[in-house]
Amino acid sequence: RHFPLFFQTMAQPLPEPKSLPSPPNDGITSLQYLPSTSSSSSLLASTSWDGALRIHDTIAKTHVVTQTMDSGPLLCMAVGTTTTTTTTSSGESSNGGGGGVVYTGGIDGSIKRYDIATSTVTLIGQHSPNIEQADLVNGKKKVAVSCLGTIRNTNWIVSAGWDKKFHIWDVSKCEGNNDSNSNADAEDDGKNKTTTTAAQPLATMDLPGKAFSMDVSSDGTKIVVATSGRRNCFFDIIHQPREDGSTSSSSPPIEVKLLSDRESSLKYQTRCVKFFPDTKGIAVGSIEGRVAIEYLDDIGIPSGKKKYAFKCHRVNDTIYPVNDIAFHPIHGTFATGGADGTVITWDGNHKKKLSSIAKCPTSVACLAFNGVGNEIAIASSYTYEEGERDHPREEIYVRDVLEGEVRPKAKK
């Protein structure tokens, strides 16, 4: 299926992507804006294969901090605040104060939290903690945390990994374990003390394969995990009320149900999956230059629409993977980033291409809109779709977003 192209004369010049200083030294794995607070609304976090978490200020175009997490390469992250107000991996956030925190997932199976205000690092949890070290060293076992997300209005985070496990963690169980002597000099030395006592997960579910991508619905009740074998698993997160009828965000009873374990409608390996903002569907990107729009009527979320797929990120006869999908927080349209180095916006509801908004020197590894949707962050980072070769260095670009590039188009 081909999207109709339309063109419009822009009265204003197109914004130019601007690179941020001190980018990662190895492959960039995730980008997310921190939730807006009274003190900051422009902080952008990134993780990479060099094992460091970096934070930039996208308004000042400055590097704020680099923190080595001592987890080996970092494959994923999630962001939140130090209060019970948190942000989902799809970028939804609720109003609330508190400083920002970033959760990182390492190739060693660890989940750690970095508190920006105090520059402290806390160990939250560990995937497959009982695996022998020898099995990790010789590669017989892989425990990397490949996906992280937060559940809004709770102290819970969710993780999925190469060990085929899905966990829910209560980060409040780690409160008070921070090193009170840590300071805010992580930018200089990155040697802040990490606490070593991990919490036990609140809940654990088995996955049919290695986790490749995960998203949390905007209301925090549904989770989708895309795994090897082209499986998409949907979980229902049930907040169990206490006997007095109340719920506690710190440690309430919880129930996790597997709603569906179904095969992707795409024929090749899944690279990314995201919920629509209204949770009525998902967008799935694959290594074969396609995006599928699938609906969730089979798990009790009626949409009345039929699934479809479209081709993208292709240059002549060369097909490039779709590495990431980011939904606009206001309009519900979405952007895709491909290994062809382009970023394209789409109107999924009306099956239309909106605009090509960036062309990077190498693969677009990941994307993120800021909280109000007027800026997009783009990671230009080779994703090895063509094997080991010389490639441009890693860069993080930020670009203003025009309303016409993300506003839905009425169906004719």
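The values are calculated or read from the model by the stated rules, or taken from the named source; none is laboratory data. What you see is a predicted model, and the numbers here were worked out from it, not measured in a lab. When we count neighbours, we look across all protein chains shown, and the Cβ atoms used for this are built from the backbone with ideal geometry, even at glycine. Calculation scope for accessible area: heavy atoms of the full protein, side chains included, ligands and nucleic acids excluded. Shrake-Rupley method; radii C 1.70, N 1.55, O 1.52, S 1.80 Å.
The largest accessible area among 234, 327 belongs to the first residue in 327, 234, and the rest follow in falling order (1.4 Å probe, all chains). Per-residue Karplus couplings for region 141-154, computed as 6.51 cos²θ - 1.76 cosθ + 1.60 with θ equal to phi - 60°, are listed in order as 10, 10, 10, 3, 7, 9, 9, 9, x, 10, 9, 4, 6, 9 Hz, Gly and Pro entered as x. What's the local net charge at residue 213, with K and R +1, D and E -1, over the other residues with C-beta under 10 Å away? Surrounding charge for residue 213 is 0. Residue 212 exposes around 60 Å² of accessible area when a 1.4 Å probe is run over every protein chain in place.
Residue ranking by accessible heavy-atom surface, 1.4 Å probe, largest first, among 295, 114 comes out as 295, 114. Classified by the C-alpha gyration tensor, region 299-378 has an oblate form. Its axis ratio a/c, with a ≥ b ≥ c, is 1.5 or above, and a/b does not exceed b/c. Taking amide H as placed 1.01 Å from N in the peptide plane, residue 76 has its amide H under 5 Å from the amide H of 105, each at least 5 places away in sequence or on another chain. Taking only protein heavy atoms and a 1.4 Å probe, the accessible area of region 254-412 is 46% carbon and sulfur.
Would you mind classifying region 262-412 by shape? Square roots of the alpha carbon gyration tensor eigenvalues, ordered a ≥ b ≥ c; an a/c under 1.5 is rounded, otherwise it is prolate if a/b is larger than b/c and oblate if not. Note, shape of region 262-412 comes out oblate.
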